[in-house]
Each structure stands twice: as structure tokens, then as C-alpha cells.
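Asks: One structure, pasted below without further comment.
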Amino acid sequence: MEDFWAVVVWAGRIWLCLIISLIMIPAMFGFSLGISETYMDILVKILEWATLKLQKATAEEHALKASASSALIQREDGSMEKELEELRRSRPKPPVGGDFTLSDCFYFTRRGIESIVEDEVTQRFTSEELVSWNLLTRTNNDFQYISLRLTLVYGLGIFVRYCILAPLRITLACIGLTWLVIGTSAVGLLPNWRVKFWLSEWVHVMCYRICARGLSAAIRYHNRENIPQKGGICVANHTTPIDIVILCNDACYAMVGQVHGGLMGVIQRAMVRSCPHVWFERAEMKDRHLVAKRLKDHVNDKTKLPILIFPEGTCINNTSVMMFKKGSFEIGATIYPVAIKYDPKFGDAFWNSSKYSMVSYLLRMMTSWALVCNVWYLPAMHQQEGEDAVQFANRVKSAIAHQGGLVDLQWDGGLKRAKVKESFKEQQQKQYSHMVVGDDGSSNSD
Amino acid sequence: MGSWQARPEQQQQQQQQQEQERWHYEELAHKSGFSTEQIKNLHKRFRQLSGNKETISRANLDSIPALANNPLKKQIIDAFFDKRNQWQDDEVGSLEEIGLEHFLMVMSHFRPPAHKSGEEERQAARRQKLRFLFNMHDTDGDGIITLAEYRKVVEELLSKSGAIGHQTAKAIADAAMLEVASINAPHMAPDDFYEGITFEHFQQILKGLEMESRMHIRFLDVDTTTMRCGKAPS
């Protein structure tokens, strides 16, 4: 019995030593031993092989789809006015009296059915579909037994992911978070020398690097000359809370958010000791002026770090960018847009908050193959003359969507949970009624 | 080692399941006129709308954001639950929830015409689409669109935005109804009561209207021969 425990303790020590030497020390000093690169190469080769196998097997059944975002139907490009004009022109009798007729119903009915078959918004809140299976159980929709080798690889994959990688990653994540709390609190005790800023940045980046290793994240940064500077606001598209880890691996940001209790609260309080972040109480969040004022104060102080904001307000599934809320664009600071695009082959990064809780989401992340993403830093943007906050926000959004290869949508991410605002409906109805009544107001005036 | 022995049984079960599903799709394809590929895609959409349940309720369709803008939203949603659109004559009333089959049957009204359809088939398709639209207006199911029902449609289309008052909407409806009456019953005496638009009248009004191209949804056909990624299978 004692021998057994002795062996376990001894194994645990070796395990920790390995982790510290092979992973933590390189993370702390920012160099890489090449282990994760080798892992990724092997992984890519295996997935390619699996894809070919699947293709061969399902060739007779024509089961492959063209692309992950395949549209179901083809839509007319014409505007409402144009189509209604055409419909009316083809009537046998010239329209007289009530200009609108039953024929208008055709247009609206067809548009309604099109919306039911496919709408741009509902599909953004579920995970992106893969072109081919990536050997994870969770993305497997219709598993067919294809070959012994494929199943073996799949089984081996499960073993590797759950028994080797997951404990490793969980250990790393715990170490990373603990280190973050301890390190930032320690730095917070120092007086305000220049060294303090440098140390606090180093501690932050180091801990985020450890967390990133904890998720096997392979991040590629593009255009690093556009990296956000102090006194600016960094905006990015939002897919998951892990976005923060991804961005903070490269530079230091000041976070904005609500004060939480529990573990998150501890982390928040520790972080704020070493460098200023902007945490709001729940009640303060409702007051837009207060929020804007605090952000403005932070931005105007040129010694403080750039603020990181996700203007979409909610997690979207990384195939599109939804409406940016205009609050952060009204402050008048320089905006540094950043586009983040995840590669879904290695693991689905999207957090479907209605389906998974935070903990089960993190566990899913830790049992995926890896987290591969590209980060593009876009050149800084300023609000131009005669441009209001909404237009500015849309301009930034288009730039991010264009760079990341995402679809640029006008819809509000809040539609995940709420219904469409009445004002949108009324706009459409006003347009239509203007067509009907405005054109022959004379014959219909009572 | 037990897991390896279980594999052939699991394999059999899965194969059976897929066979059943395939047979189900083929049956639906036969009934509705869609291809199995289209049915598969529509089934996926059905699951998305129903939240992975077996049936869709009105609330599910109500929550589609793009539909909120449509002035005929209520009528369109009701059309899905209307028994008359299920291609079974003489059934009236409405369903509470619809399954995949009902969903597809309603969708089949908007199926694009087959390339090689003869004149008769095209006429039949046209009649189907007009019937769908007629049912949408005729809310009480008695086979006649009365003035009251027609007025309701006009109101839905126009007056909710507040730009058009109730009176104006009423006036438009009355004018349109008068026009219909003058086409269909031109020799009515002034005291005769015009009951309403029957389906024949409806067809008559819209006789010249070219609506085939406007009343169908063009499904993108996923052409599988053009999309092999990677090496071609030997």
C-alpha cells in the first residue's frame, strides 16, 4: 500500500517537473521548443488522411457538401419596389382605384417562405458545419463504419485527447490562473516605479501564454506593425471568452467588464492591483453616460493600456460579424480593429451559451485536438467628419469582416435571445404603404 | 475485448437506421416532389427551427428574425398550420403543430416547375399556387373571400405602421373589392349582395398575371460531381 502511494507521488513529481521544464519555462520567456509544432504537423497529416478515407468511402453516395456555409436557396437581388412594379405591370387591366392588389401578396408570401427556409441570423448561433469529419465524436453526425484503421485512429484519438492531453491542459490552466493571481497581487505591492509597469506586463503575458498552452493554442499574428497602442480602443469580433487569452498573448490590454463574484471576482481584483482595468458594478452598466465617461477617462490617460472591447455583445459562431454596438465608437478615441478567425477543423471554439455552461465549454475545449486561429491587426481607424457613430461602427465592422473572411451582417447579436425590435418592422411597412398610398394619394383621399 | 464484439451489432443497427431514414426520405420525395438531397437539407432546417424536436409550433416560426419584417407574417405562419394546404381535399381546420411531412407538403407549393413539364402540369402547378394564396386570404375556410376577410389582409399590409389610417385602409379594400366585383359579376343589380370572391373568381382576376416565376423558391442544387476536394478517389 505504501509502495503504491510512493510510486504515485514519485510519478506526480516527475509529471510536474516535465511540465515546468518543457512548457512553463518556454512560456515564461516566450520561446518555443517545437513540441506543439510537431504535434500540429502530425495532427494535420492524420486529418488529411482521414478525409481522404471518408471521401473514398462515401464517393458512391454523393455525401459531400460544397462548403460549410452552403446556401439552400437562391434569392432575388431586386428591391421591393422593383419587384412590385413588375408584378403590377404584368396585370391585364391597368390598375385603377386601390393600387395595391392581390398580386402584391405574391411578393411578400415568397419572401416569407424564403425566410422560413433559410435566414441569415438563426444559423449564426449554432456551430459551424465542417466539410469533413475531424475525428471528434462531437462533430460526428452520421458515423459510418468505414475501415478498421480509421476507427483505430479515432479510438486512439479519444485516448490521447481524454487521458493525456486533457489532464495536462487542466493542470496548465490551473497553474496559469494561480500564477496570474499571485503574480499580479505581488506586483501590485510594489510602489509605482517604471519597473512596476514592465513587470506587470510581463506577468500578464506570461500567464496568458501558459493558459494558451493549456488549450494547445496555435496562434498566428499578422500585421503586427498595427498593434494597438496606449490610449486607443481595440475592437474585435467575439466568438468565445478565449478570445481574451488569444489577444493577450501578444500584447497587454485593459479589460472592460462587469464585476463578478467567485473565482472570476478573485481574478478581476488581482488583475486590477497591478495595472488599471475598467470593471463596472452591475448597476453602473445601465448608466450609459457613466460608462462612456469612465472609458473616456481611461483612454485620455496616455499611460494606460489600450482597452479591449467586443462590440457585438455576444458570442457569434465565427462565420459572420453582427451589428457592432455604437457605445465604444462614440468616445472619440483611435480604434484598432482586430479580426480573429478560428480554424474549425481542430476544434469548435464557439461558445453556445444556451447549450453549454462555462465549465462544460472549457472541458470541451480541453478535449479538442487544438485551437488554431489567425489574428489580423488592421490599421487604426478614426471617426471621420460628418460620420456618426453608427456609420463609423459599420465601417469598422466591414473592415474586420473583409479581413477575416466573415460575412458582414446588419443584424443585432442580441437576437439570440430577444425578438426583432418593432422599429425595424415599421420601417418596412412604412416603405410599402408609401408605395401604395403615396403614388395615388389623390384617388384615395377621403 | 467486448467492444470489438459489439461492433458488428452496432454496425447493423446503424445500417438499419440509415436504411429506414433513406426509405422515409424517398417516400417524402415521392409525395412532395422534392429530391432526396433537398429533403435532407430541409430536414436540417426543420431541426434548426424546431430546436431538434419532432414538431414545429407557431412560436418556432414566429421567432425567425427575418420574418418579423414581413407584413404577411401571420398569414404565412397560419398557412403552414392550415389543413387545406396539405394536398388533401375537403379537410379544413388547423393543426397545432406540424411534423416534417406537413412542413414539406406546404413547401412543395413553392417548388420550382420541373423542366420537362407539359402544359397540363404547368396549369396544375399554377392552380396549386393560386389555391395556396386563396387559402391564405380565406381565413374561415368557407371557400369564399368576403369583404371582411379582404379588408383584414389590406389592414395587415398597410395600416399597422400608422402611416395609413384605419379609414384609408378600409377605403382601399373597398375599392379593390369593387374592382373584383366589376370583373366577375358585371351585370349585378344595384341591390344584389356580392358575397365574396370564390376560387374561380380569384383565378379569373389573376388570369393574365405571370406568376410562375415569382411564386417559387429556387433551391440551389448541390452538384456533387464538381466538388471533390483533394485527390480524386481512385
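Laboratory data are not the source of any read-out in this text; all were calculated from the coordinates shown. Computed from a predicted structure; not experimentally measured. We place every Cβ from the backbone using ideal geometry, glycine too, and count neighbours over all the protein chains shown.
Asks: Return the long-range amide H neighbours of A:Leu371 (sequence gap of 5 or more, or a different chain), with a cut-off of under 5 Å between placed amide H atoms.
Replies: A:Ala217, A:Ala218
Asks: What is the order of A:Tyr361, A:Tyr342, fewest Cβ neighbours within 10 Å to most?
Replies: If I rank by nearby Cβ atoms, fewest first, I get A:Tyr361, A:Tyr342.
Asks: Additional query: When the Cα centres of the range A:212-250 and the range B:45-80 are compared, how far apart do they sit, in Å?
Replies: Here the answer is 38 Å between Cα centres.
Asks: Taking each residue of B:69-80 in turn, how many C-beta atoms of other protein chains fall within 10 Å of its C-beta, and what is the average? Can you show the working numbers first?
Replies: Values: counts 12, 12, 9, 7, 4, 0, 4, 9, 2, 0, 3, 2.
What the average comes to for B:69-80 is 5.
Asks: Towards the positive end of the charge dipole of the range A:216-293, with charges on Cβ (+1 Lys, Arg; -1 Asp, Glu), say which of A:Asn237, A:Leu247, A:Gly261 has the farthest Cα.
Replies: A:Gly261
Asks: May I pose another question? Considering amide H positions built from the backbone, and no H for Pro or chain starts, which residues 5 or more places from A:Val407, or on another chain, come under 5 Å of its amide H?
Replies: Residues meeting the criterion, in which the H sits 1.01 Å from N, are A:Ser320, A:Val321.
Asks: Give me a comma-separated list of calculated 3J(HN,Hα) values for the range B:140-153, in order, Karplus coefficients 6.51, -1.76, 1.60 applied at θ = phi - 60°, integers in Hz, x for any Gly or Pro.
Replies: 8, x, 8, x, 9, 8, 8, 4, 4, 5, 5, 4, 4, 5
Asks: Suppose every Lys and Arg Cβ carries +1 and every Asp and Glu Cβ carries -1, with no other charges. What dipole size does the range A:285-378 come out with about its Cα centre, to the nearest 20 debye?
Replies: So the magnitude is around 220 debye.
Asks: In this model, which of A:Lys345/B:Lys31; B:Lys44/B:Lys129; A:Lys56/A:Lys355 are farther than 27 Å apart at the alpha-carbon? Present the calculation step by step, with values, prior to reporting the outcome.
Replies: On the way: A:Lys345/B:Lys31 38 Å; B:Lys44/B:Lys129 25 Å; A:Lys56/A:Lys355 34 Å.
Cα-Cα > 27 Å for A:Lys345/B:Lys31; A:Lys56/A:Lys355; rest within.
Asks: Continuing with this model, one more query. Sticking to Cα atoms, compute the Rg of the range A:276-382 to one decimal and its Dmax as the biggest Cα-Cα distance, whole number, in Å.
Replies: For the range A:276-382, the Cα-based Rg and Dmax read 16.5, 44 Å.
Asks: Now for a separate question. For A:Ala254, what residues show an amide H to amide H distance below 5 Å, using hydrogens built from the backbone and excluding near sequence neighbours?
Replies: When sequence neighbours closer than 5 places are left aside, the close amide H contacts are A:Ile307, A:Leu308.
Asks: So what J values fall out for the range A:9-18 if you push phi through Karplus, 6.51 cos²θ - 1.76 cosθ + 1.60 with θ = phi - 60°, rounded to Hz, Gly and Pro as x?
Replies: 4, 4, 5, x, 5, 4, 4, 5, 4, 4
Asks: When a footprinting reagent is the concern and you count Cβ atoms within 10 Å, what order do B:Ile64, A:Ile267 take, fewest first?
Replies: Fewest to most other Cβ atoms nearby, the residues stand as A:Ile267, B:Ile64.
Asks: Now for a different question. Report ³J(HN,Hα) in whole Hz for each residue of the range A:337-347, in order, from the Karplus equation J = 6.51 cos²θ - 1.76 cosθ + 1.60 where θ = phi - 60°; Gly and Pro get x.
Replies: x, 10, 10, 10, 10, 8, 9, x, 4, 8, x
Asks: Further question on the same structure: Order these peptides, A:370-383, A:234-247, by their mean beta-carbon neighbour count within 10 angstrom, highest first.
Replies: Most protected by this proxy first, the peptides run A:234-247, A:370-383.
Asks: Just rank A:Tyr162, A:Tyr39, A:Tyr107, fewest to most, by other beta-carbon atoms within 10 angstrom.
Replies: Fewest to most other Cβ atoms nearby, the residues stand as A:Tyr162, A:Tyr39, A:Tyr107.
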